[in-house]
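Single-structure report; data block below.
Nothing in this text is a laboratory measurement; each read-out follows from the coordinates by a stated rule. This is a predicted model, so every value here is computed, not measured. In this analysis, Cβ positions are derived from the backbone assuming ideal geometry, glycine residues included, and neighbour counts consider all displayed protein chains.
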Amino acid sequence: MRLTGEIALVTGSTAGIGRAIAVELAAQGARVVVTGRDEERGEAVTAAARKAGEPTGGDAEFIAAELGDEPACAGVVQGAAALFGGLTVLVNNAAGGAGHDGPVGELDTAAWEATLRVNLTAPMWLCRAAVPLMIDAGHGSIVNISSRQGERASAGLAAYIASKGGLNALTRSIAVDYAIHHIRCNTISPGYVLNDRRDADLTDERRARLEGMHLTRLGRAADVASAAVYLASRESELVTGVNLPLDGGSSAARGLVLG
């Protein structure tokens, strides 16, 4: 399979996009560590990933982690290595802070720092801990889940937008610094991705507005998972330091509703 022999850590993987990525990595033969704060949901995702990985030799384990804490980031990477004997794939998917965001003139410093801590500093901590393990393995792939907001801003999200723009820049830096060690680093920037809980009561008017943000269709978590598998696999050995817009073509067109 595409990821046989790979050992992966997916942050924020107890629901949504992270869950889809963890399950698909296991389905493609990887041994996957699921992380998050909710143990019950984490164990459910782990069970789903194990089931998906049965035909391919994929496997999964869960480690509870609060990634706003520096020692916890190092600990979850070390835990993954202890469980499976190393680490070759890191997917930085965990994100937060949008609920306390706003324009710069109205933004609380604590909210700014909390958003950057989870969305930018924690991925740095995780990468810092993962890189030596990837060097030992002789190769590695880091996939950072960003957002189109990092390139095309919407109103009232100053901290979130800054954190994702910083993550895009961090990705390029890591790609340059560690290419010599056969470690690649790329970013996926999804557009609007449907979420079962958030969009359960989606009105026709809201759906039409969201569809107007895309040339193709609304995104699904499975779309992001497919892209993550490609970037994690040896199929993308020529791809590093790039930001992949997974937005249905909205970044290619003028005049689309930004949302």
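Of note:
- Estimated dipole of the chain in Debye, rounded to 20 [Cβ of Lys and Arg +1, of Asp and Glu -1, Cα centre]: 620 debye
- Entry note: the stretch 112-259 has Rg to Rh equal to 1.00, where both radii use alpha-carbon atoms and Rh is the Kirkwood radius.
- Scaling against 2.2 N^0.38 Å puts the C-alpha radius of gyration of the chain at 0.97.
- Burial order of peptide ranges 222-232, 167-177, 15-25 (average beta-carbon count within 10 Å, highest first): 15-25, 222-232, 167-177
- The long axis of helix 70-84 is offset from the longest Cα principal axis of the chain by roughly 50 degrees.
- Separation between Cα centres of the stretch 112-171 and the stretch 209-224, rounded to whole Å: 23 Å
- Residues listed by number, the stretch 109-151, amide nitrogen under 17 Å from Gln78 label point at 7 Å toward C-beta: 125-134
- Whole-number percent relative contact order across the chain, with pairs defined as alpha carbons under 8 Å at least 6 apart: 19 percent
- FRET efficiency, Ser173 to Ala153 (Cβ-Cβ, R0 22 Å, nearest 0.05): 0.50
- Residue (of Ile7, Ala30, Ile180) at the positive-pole extreme of the stretch 7-252, dipole from beta-carbon charges: Ile180
- Helices in the chain, meaning DSSP H runs of at least 4 residues, each add -39500 (n - 2.57). Divided by all residues, the mean residue ellipticity at 222 nm is -13000 deg cm²/dmol.
- Here the simple spin-label model places points 7 Å from the Cα toward Cβ, and for Ala44 and Val239 these points are separated by 3.1 nm.
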